[in-house]
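Down below is the structure, laid out as structure tokens.
The values are calculated or read from the model by the stated rules, or taken from the named source; none is laboratory data. Since the model is a prediction, treat every value here as computed from it, not as a measurement. Here the Cβ positions follow ideal geometry from the backbone for every residue, glycine too, while neighbour counts run over all protein chains shown. Protein only, heavy atoms only, side chains kept; ligands, DNA and RNA dropped before computing areas. Shrake-Rupley method; radii C 1.70, N 1.55, O 1.52, S 1.80 Å.
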Amino acid sequence: MKKKIIIVLFIISMFINTLFIYNAKLTHTKYDFAMKQIDRLFQYNFELSRKVAITDGIKNIEKKITNLKPNISQLILTDLSCSIYTYSLLHPTANVDLIIAIAFVESSFRKYAKSSADCLGYWQINPKVHNVDLNQIYDGNYNLSWAMNIYNYNMKLFKNNQTLALNAYNGWASKKNPYADKVFMQIKKIKDI
């Protein structure tokens, strides 16, 4: 009889342990599910806030560009703004107002602009002087990258003299060149938002 009672108690304890383990697994599964849901929620909120920040950044650049009253389509405005915003993310110290002003003075924001000196794109890059890929020259990101490389090179060359660097960008590094003044005037208009 004692053996039967011990066996029954053993079976009952095994059953209780099994229930406890099952309940613990179930609780753990619920916990995992809840944590996954919380992670998804945080990820969604992070993605949403990132999208909002990107949209706000692009809209801010669009606002600066439209303040110069260009005669361009919404498509060109968005393309140009996205290129400038992307560049500003990759180069946080970049002066967005300067980038916009140079594009306005160089091409009036015309993507396919071509000067009499055969300079191309928003920022009027000269393929005769710079070894550019002509298949990409009208891509806003590519054109802007070249523009800023040229400008930054000029800044180093002229020991951070922005006037001479801008005038050199225009092809004539002289204080008599009115180009830098035109760019500075556009920057002032941008800042007057």
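Remarks
- Taking all protein chains into account, the per residue accessible area for the range 53-151 stands at 50 Å² (1.4 Å probe).
- For the cross-link pairs Lys128/Lys175; Lys64/Lys188; Lys111/Lys182; Lys114/Lys191; Lys63/Lys188; Lys69/Lys182, the ones whose C-alpha atoms lie over 18 Å apart are Lys128/Lys175; Lys111/Lys182; Lys114/Lys191.
- Taking 13 Å as the cut-off, the amide N atoms of the range 136-170 that come nearer than this to a point 7 Å along the Cα-to-beta-carbon line of Thr93 belong to 152-153, 155-156, 160.
- Carbon plus sulfur fraction of accessible area for the range 59-102, probe 1.4 Å, in percent: 57
- Annotation: Tyr153 carries an accessible surface of approximately 140 Å², with a 1.4 Å probe and no ligand, DNA or RNA atoms counted.
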